[in-house]
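Here the structure is laid out as C-alpha cells; the discussion comes afterwards.
The values are calculated or read from the model by the stated rules, or taken from the named source; none is laboratory data. For clarity, every value in this text was computed on a predicted model and none was experimentally measured. Ideal geometry is used to build each Cβ from the backbone, glycine not excepted, and the neighbour counts take in all protein chains shown. With ligands, DNA and RNA removed, areas are computed over all heavy atoms of the protein, side chains included. Shrake-Rupley method; radii C 1.70, N 1.55, O 1.52, S 1.80 Å.
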Amino acid sequence: MTRLDLVIVGAGPAGLRAAVEAATGGLSVMLVDEGREPGGQIYRGSESGAFAGTAKLGSDYAAGAVLAAAFRASGVEALFGATVIQIEREADGSFSVSVATGHDKAVVVRARAVIAATGAQERPFPIDGWTLPGVMTAGAAQTMLKADGVVPDGPVVLAGTGPLLYLLAAQYGALGVAIDTLLDTAGPGNWRRALPHVAGFLTSRYAFKGLGLLGKALAATRIIRGVEAVSAIGDTRLSAVTYRKGATERTIPAHVLLLHHGVVPQINLTWSAGAQHRWNAARLAFEPVRDASGQTDVPGLFIAGDSGGIGGAQAAEAEGALAAFGVLRMLRGTAGDDDRIERQWRRRLAVSLRGRAFLDALYAPRQSHLCPPDEVIVCRCEEVTAGDIRKAVRRGAMGPNQVKAFTRAGMGPCQSRMCGLTTVAIIAEETGLSPGDIGHMRLRAPVKPVTVAQIASLSEADERRPTESPSATRPCK
Amino acid sequence: MFRRLVEPAGHVTVTIDGRPFSVAAGETLSTALLLAGFAGLRRSARLGRERGPFCGMGVCFDCLVTIDGAANRQACLVRVRDGMAVQTGTRLPALADTVPE
C-alpha cells in the first residue's frame with residue numbers, strides 16, 4: 001500500500017508554502033482543497049480569476065499569483081474540488097485521510113503526517129433578518145469580486161467591524177463601485193483598549209496600509225460610526241436596513257447588505273481529529289494548541305495559518321514553511337542542511353504578527369452583537385433563536401452540547417459553523433462563566449455532510465488513485 | 001442585485017429550473033444564479049423561508065441546489081459547465097416532517 005509522507009489540507013498561503021517547502025525537502029506530498037485552483041480565500045482567483053495578472057486589487061493580492069506559480073512548479077500532486085471529511089490517526093501513528101472527491105465518490109489517502117491549513121471563516125454576525133436573500137457576508141462579496149469580477153448593484157450597505165470591511169470598501173472604491181453606507185459597529189471603548197498595543201501596530205505593515213485603506217474608504221463612502229444595532233428588513237428578499245445610533249433609528253433602502261464581524265479559525269477538522277483547542281479571550285475564538293512548528297498534541301498533526309489563530313496571509317505563509325520543516329524534522333530527523341531558511345521564516349512570522357493585538361482590540365465586536373436579542377435567529381440551519389438558547393440554559397442545559405440537544409442549535413448541515421460561537425457567548429452571558437470553561441460543541445467527523453454513495457465508495461487511494469477522478473489535476477510543469 | 005464588472009472570456013449555457021441561461025464560462029455557480037436573478041435558492045428546513053448564498057466559501061450550506069440530479073450541492077463551491085442542469089427551491093426535510101409529535 002502506498003503511503004505518502006504528507007497530506008496538506010488547504011491551498012491558501014499556508015498550505016501552498018508548506019507544499020513547496022516539503023517538496024523541496026524531498027517529501028512525497030498531496031494537497032487537497034475544496035476550491036478549483038490554488039489560492040484559498042485570500043488569494044482566490046489568483047490563477048484564473050477576474051483580476052488574475054493585474055494589480056487592481058492591490059499588491060497583497062498579487063502576491064498570491066507568485067505563490068500559486070511556485071506551488072505549480074513544485075510538482076506536488078493536488079486534488080481540487082475535494083473535501084477532507086475525516087482525519088484519523090491509526091495505531092501505527094500514520095494517518096488515514098478521508099476525502100470526498102465528488103457527490104458519490106470518496107477515497108482514503110494514507111500519510112505519515114498531516115498539515116491542516118484550513119484557514120479562517122467569518123465570525124457570525126447574527127442580526128434580525130440576516131437569513132434574507134440579499135444579506136451576505138463581506139467575505140462572500142469579496143470572493144465574488146476576486147473569482148468572478150462581479151459586484152453588488154443597487155443600494156449597497158456594509159455593516160459590522162474588522163479590517164476586511166474597510167478593505168472591501170477600498171477595493172470597491174478603487175474600481176468605481178458605489179457603496180451607499182458603511183455602518184461601523186465597533187464599540188466606543190475599543191480605542192482605549194487598543195492603545196496599549198499601538199507601538200506594535202506602528203512598526204507593522206498594517207500602519208501604512210491601514211491608513212491608506214481608511215483614506216480610500218472614507219473618500220468614497222458615507223461612514224456612520226458608533227452604530228449600536230443593525231437589522232435587515234424584507235419579505236422574501238432584502239429591501240432595507242434599519243440601524244440605531246444613540247437615540248436615533250433610521251431605515252435606509254438596500255438591495256445588498258454585507259455583514260462582517262472579523263474572522264476566526266476554522267476548527268471543525270482539527271477538533272474532530274482530536275487536537276486540543278483553547279479559548280483565546282483577546283481574539284474571542286477557540287484556537288488549537290500548537291508548538292513552534294505548529295504541531296498539535298496529536299503527534300504528526302500540524303496546523304498552519306489562520307486555522308491555528310488569525311495572523312493574516314503573510315503569517316500564514318511563514319507558518320506553512322515552519323510546519324513543513326517540522327514534518328521534515330519528524331520524518332527525516334533534520335529540516336535540511338541549512339537552518340538559516342527556517343530562521344528567516346521565523347523572523348518573517350514575527351514581523352507579520354506585529355500589530356495584530358492592536359487590530360484585535362480596535363475591531364472587537366460589541367458584547368450586545370455577540371449575544372443578540374431573543375428574537376434573532378442564531379442557528380441558521382435549524383432556525384433556533386437567541387431566546388430559544390437562553391430558555392434552554394435557564395431550564396438547566398449545562399453547556400453547548402446540552403443546548404444542542406435541547407434546541408437543535410448546531411445540528412444542521414453547517415455543523416455549528418454559523419452558530420457555535422454565538423451559542424457559547426449566550427451561555428457565557430447567562431451563566432457568568434468564561435467561554436473557556438464552557439467549551440465549544442463537540443465537533444465530529446465527517447466534518448461536512450456526506451452522501452451514502454460517498455461512504456459506500458470509500459476505498460484506499462491505492463485501489464482508486466485520486467488522479468483518476470475528474471476533479472484531480474496534475475500540476476502544469 | 002449584482003452586476004458584472006469584468007467581461008468574461010466566453011459563455012456557456014446552463015439550465016436553471018428548466019430555462020436556459022447564458023452564463024460566463026468557469027463562473028462560480030452561486031454567482032451565476034445571482035446574476036440570473038435567483039436571489040433565493042432554497043427554502044429553510046423549519047420555517048420554509050427563502051435562502052440565498054451567504055458565506056460564499058462552503059461554510060454556511062445556505063446555497064444548496066440540485067445539480068444534474070445530485071441534491072444538496074453547495075453552489076458556491078461549483079463552477080458552471082456547459083449543459084449543467086440546476087434545480088432551485090428544494091426544502092430540506094425538517095425534523096417535524098419525519099418524527100411524529
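The angle between the Cα long axis of helix A:138-148 and the main principal axis of chain A comes to about 50°, on a 0 to 90 degree scale.
Under the criterion of Cα pairs below 8 Å and six or more residues apart, the relative contact order for chain A equals 21 percent. Taking the longest Cα principal axis of chain A as reference, the axis of helix A:205-220 is set at about 40 degrees. Number of Lys-Lys pairs in the protein assembly as shown with C-alpha atoms under 26 Å apart and a separation of 8 or more places or on different chains: 11. In the context of the full protein assembly, B:Thr66 retains an accessible surface of approximately 30 Å², using a probe radius of 1.4 Å and ignoring ligands and nucleic acids.
Counting Cβ atoms of other protein chains within 10 Å of each residue's Cβ and taking the mean over peptide B:57-70 gives 6. Using a cutoff of 8 angstrom between alpha carbon atoms and counting only pairs six or more residues apart, the relative contact order for chain B works out to 31 percent. All alpha carbon pair distances within region A:365-427 were sorted into 5 Å bins beginning at 0; the resulting P(r) in whole percents reads 4, 23, 35, 26, 11, 2. What is the Cα centroid distance between region A:374-415 and region A:63-112, reported in whole angstrom? Their Cα centres are 34 Å away from one another. Buried by at least 30 Å² relative to the chain on its own: which residues of region A:393-431 qualify, computing accessible area with a 1.4 Å probe on protein heavy atoms? Buried-area filter returns A:Arg408, A:Pro413, A:Met418.
Carbon-plus-sulfur accessible fraction, chain B (probe radius 1.4 Å, protein heavy atoms only): 49%.
The listed residues A:Lys105, A:Lys448, once ranked by accessible area (1.4 Å probe) with the largest placed first, stand as A:Lys105, A:Lys448. For the residues A:Trp345, A:Trp191, a 1.4 Å probe over the protein chains yields an accessible-area ranking, largest first, of A:Trp191, A:Trp345.
Around the amide H of A:Ile303, modelled in the peptide plane, lie the amide H atoms of A:Ala116, A:Gln295, A:Thr296, all under 5 Å away and 5 or more residues distant in sequence or on another chain. Accessible area per residue was computed with a 1.4 Å probe on protein heavy atoms; A:Glu319 scores about 30 Å². What is the percent carbon and sulfur in the accessible area of region A:86-147, measuring with a 1.4 Å probe over the protein chains and ignoring ligands? In region A:86-147, the share of accessible area belonging to carbon and sulfur is 39 percent.
Taking all protein chains in place and a 1.4 Å probe, what share, in percent, of the accessible surface of region A:325-407 do carbon and sulfur account for? Ligands and nucleic acids excluded, carbon and sulfur reach 50 percent. Classify the protein assembly as shown as rounded, prolate or oblate, taking a ≥ b ≥ c as the square roots of the eigenvalues of its Cα gyration tensor: rounded when a/c is under 1.5, otherwise prolate if a/b is larger than b/c and oblate if not. Judged from the Cα gyration tensor, the protein assembly as shown comes out rounded (a/c under 1.5). For the pair A and B, the buried accessible area comes to roughly 3900 Å² in total, with a 1.4 Å probe and the value rounded to the nearest 100. Within chain B, B:Cys63, B:Cys76 have no other Cys Cβ under 4.7 Å of their Cβ and so lack a disulfide-compatible partner by this rule.
Expressed per residue, the C-alpha convex hull volume of region B:11-91 stands at 76 Å³. Relative contact order, whole percent, for region A:1-85 stands at 35, derived from Cα pairs under 8 Å and 6 or more residues apart. Loop-resident GluC sites (Glu not before Pro) (DSSP state other than H, G, I, E or B) in region A:357-434 with no more than 12 further Cβ atoms inside 10 Å of their Cβ: A:Glu375.
Taking Cβ atoms as reference points and 9 Å as the exclusive limit, the residues near A:Tyr243 contribute a net charge of +1, counting Lys and Arg as +1 and Asp and Glu as -1. The residues of region A:306-428 expose on average 38 square angstrom of accessible surface per residue, using a 1.4 Å probe on protein heavy atoms. Over the residues of chain A, the helix contribution to mean residue ellipticity at 222 nm works out to -10000 deg cm²/dmol, using -39500 (n - 2.57) for each DSSP H run of at least 4.
Per residue, region B:11-91 exposes 36 Å² of solvent-accessible protein surface, assessed with a 1.4 angstrom probe and all protein chains in place. Compared with the dominant Cα axis of chain A, that is its longest principal axis, helix A:163-174 is turned about 80°.
In the full protein context, region A:131-266 carries 39 Å² of accessible surface per residue, based on a 1.4 Å probe and ignoring ligands, DNA and RNA.
What residues in region A:119-136 lose 30 Å² or more of accessible surface when the other protein chains are added to their chain alone (1.4 Å probe)? Those residues are A:Thr131, A:Pro133, A:Met136.
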